[in-house]
Amino acid sequence: MLKSDHRDVARLFQQFERAGAGAVRTKRRLVDAMIEALSRHAAIEELAFYPAVRAEVSGAGSDVLEAIEEHHVVKLLLSELEDLDPTNERFSTRRSRS
């Protein structure tokens, strides 16, 4: 399921990149779908996957902690995108950083 999520989000990013500069409604829809998919994905990893890795893989604690911190940064960017008007010049810039 997590691998499928990665493919789905990558597909959304590709669609966003192919959308023209004036395709603001399409870009908004794609970003909203990215926000939903990435939020769901992060929650699954944080609630199920990472605790299992910590329990089963010796020495993985620092890697898990780093991944959780990366999720925190992504969540901040997603919250900015959620409220950003797609006509704002920062819309594509914020998306490409995430």
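Restricting Ile68, Ile35 to residues that are outside any loop (DSSP other than H, G, I, E, B) and over 12 Å from the mean Cα position of the chain (by Cα) narrows the list to Ile68. When the range 19-32 is filtered for residues that are open to solvent by 20 Å² or more (accessible area, probe 1.4 Å) and assigned to a helix (DSSP H, G or I), the ones remaining, listed by number, are Val24, Arg25, Thr26, Lys27, Arg28, Arg29, Asp32.
If you go through the range 1-39 and pick out every residue that is polar (S, T, N, Q) and touching a residue at least 12 places away in the same chain (Cβ under 8 Å), you end up with 2.
Listed by first and then second residue, the pairs linking a residue in the range 57-74 that is within 13 Å of Ala43 (Cβ to Cβ) to a residue that is small (Gly, Ala, Ser) and open to solvent by less than 70 Å² (accessible area, probe 1.4 Å), with Cβ atoms under 8 Å apart and 6 or more places separating them unless they lie on different chains, are His71/Ala42; Val74/Ala42; Val74/Ser98.
Going residue by residue through the range 73-84, is there one that turns out to be assigned to a loop (DSSP other than H, G, I, E, B) and not acidic (Asp, Glu)? Show your work before the answer.
Step one: of the range 73-84, the residues assigned to a loop (DSSP other than H, G, I, E, B) are 84.
Now narrow it down to the ones that are not acidic (Asp, Glu): 84.
Checked against the condition, which is being assigned to a loop (DSSP other than H, G, I, E, B) and not acidic (Asp, Glu), the range 73-84 yields at least one hit.
Can you find, within the range 64-96, the residue that is farthest from Arg29 (Cα to Cα) among those that are open to solvent by 50 Å² or more (accessible area, probe 1.4 Å) and among the hydrophobic types (A, V, I, L, M, F, W, C)? First the steps, then the outcome.
At the first step, the residues of the range 64-96 found to be open to solvent by 50 Å² or more (accessible area, probe 1.4 Å) are 65-66, 68-70, 72-73, 75-76, 79-80, 82-83, 85, 87-90, 93, 96.
Restricting the remaining residues to those that are among the hydrophobic types (A, V, I, L, M, F, W, C) gives 65, 68, 73, 76.
Details: Leu65: 32, Ile68: 27, Val73: 22, Leu76: 19 Å.
The extreme case among them is Leu65.
Can you confirm whether the range 33-47 contains a residue that is over 24 Å from Arg90 (Cβ atoms) and open to solvent by 60 Å² or more (accessible area, probe 1.4 Å)? Yes, the conditions are met somewhere in the range 33-47. Filter the range 46-91 down to the residues that are over 22 Å from Phe16 (Cβ atoms) and in contact with a helix residue (DSSP H, G or I) (Cβ under 7 Å, 6 or more places away or on another chain) and list them by number. The answer is Glu46, Phe49, Tyr50, Val53, Arg54, Ala60, Gly61, Val64, Ala67, Ile68.
Looking across the range 49-63, the residues that are open to solvent by less than 60 Å² (accessible area, probe 1.4 Å) and hydrophobic (A, V, I, L, M, F, W, C) come down to Ala52, Val53, Ala60.
The values are calculated or read from the model by the stated rules, or taken from the named source; none is laboratory data. A quick note: this is a predicted structure, and the numbers were derived from the prediction, not measured. Using ideal geometry, Cβ is built from the backbone for each residue, glycine included, and neighbour counts are taken over all protein chains shown. With ligands, DNA and RNA removed, areas are computed over all heavy atoms of the protein, side chains included. Shrake-Rupley method; radii C 1.70, N 1.55, O 1.52, S 1.80 Å.
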